[in-house]
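I have placed the structure first, in the form of structure tokens, so that the comments after it can refer back to it.
The values are calculated or read from the model by the stated rules, or taken from the named source; none is laboratory data. A quick note: this is a predicted structure, and the numbers were derived from the prediction, not measured. Cβ sites come from the backbone with ideal geometry, for glycine too, and all protein chains shown count toward neighbours. Remember, those area values only see protein heavy atoms, side chains included, never the ligands or the DNA or RNA. Shrake-Rupley method; radii C 1.70, N 1.55, O 1.52, S 1.80 Å.
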Amino acid sequence: LESNDAEHTVFKLLVLLVNLTKAQEVAFYAIDYPNDSLICYFGPKGAIGMTLPFSTHPLLAAAVKSRKIIRRADTEVRMQNKQFDDAVGISTRASMVAPLHDHRGNVK
């Protein structure tokens, strides 16, 4: 896929997720393994380009490491990230994180 095609596809996926889950916001992160962080590539205005170290967002880190969908009700990991909430202008009350992985099971 060309870059614009891939971006359009991810955007359509995010819109679909918002509609299906009735979520207030949906974001798409890519893993920056050398820096143990995640970079927001698509999502709410104010969050795009934001880098979140795994240490500041344990729920995202747990989903990446477990390679499983994690819902806030499934874990006692503190999931709120004040930096993200402040940038987007929301107060996270519930969350679901679903890691995407390739055919080998590597989280991307």
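Does Ile39 count as in contact with a strand residue (DSSP E or B) (Cβ under 8 Å, 6 or more places away or on another chain) and open to solvent by 90 Å² or more (accessible area, probe 1.4 Å)? For Ile39, the condition - in contact with a strand residue (DSSP E or B) (Cβ under 8 Å, 6 or more places away or on another chain) and open to solvent by 90 Å² or more (accessible area, probe 1.4 Å) - is not met. In the range 86-98, the residues that are under 25 Å from Ser66 (Cβ atoms) and open to solvent by 40 Å² or more (accessible area, probe 1.4 Å) reach residues that are of a type outside the set (Gly, Ala, Ser) and part of a loop (DSSP other than H, G, I, E, B) with C-beta atoms within less than 7 angstrom, at least six apart or across chains, in these pairs: Met96/Ile69; Ala98/Ile69.
Checking each residue in the range 1-23 for being exposed (fewer than 10 other Cβ atoms within 10 Å of the Cβ), part of a helix (DSSP H, G or I) and of a type in the set (D, E, K, R) picks out only Asp5. Beta carbons closer than 7 Å, at least 6 apart along the sequence or on distinct chains, never pair a first residue in the range 3-27 that is touching a residue at least 12 places away in the same chain (Cβ under 8 Å) with a second that is in a helix (DSSP H, G or I) and open to solvent by 80 Å² or more (accessible area, probe 1.4 Å).
Residues in the range 24-36 that are open to solvent by 40 Å² or more (accessible area, probe 1.4 Å) and in contact with a helix residue (DSSP H, G or I) (Cβ under 8 Å, 6 or more places away or on another chain): Glu25, Phe28, Tyr29, Asp36.
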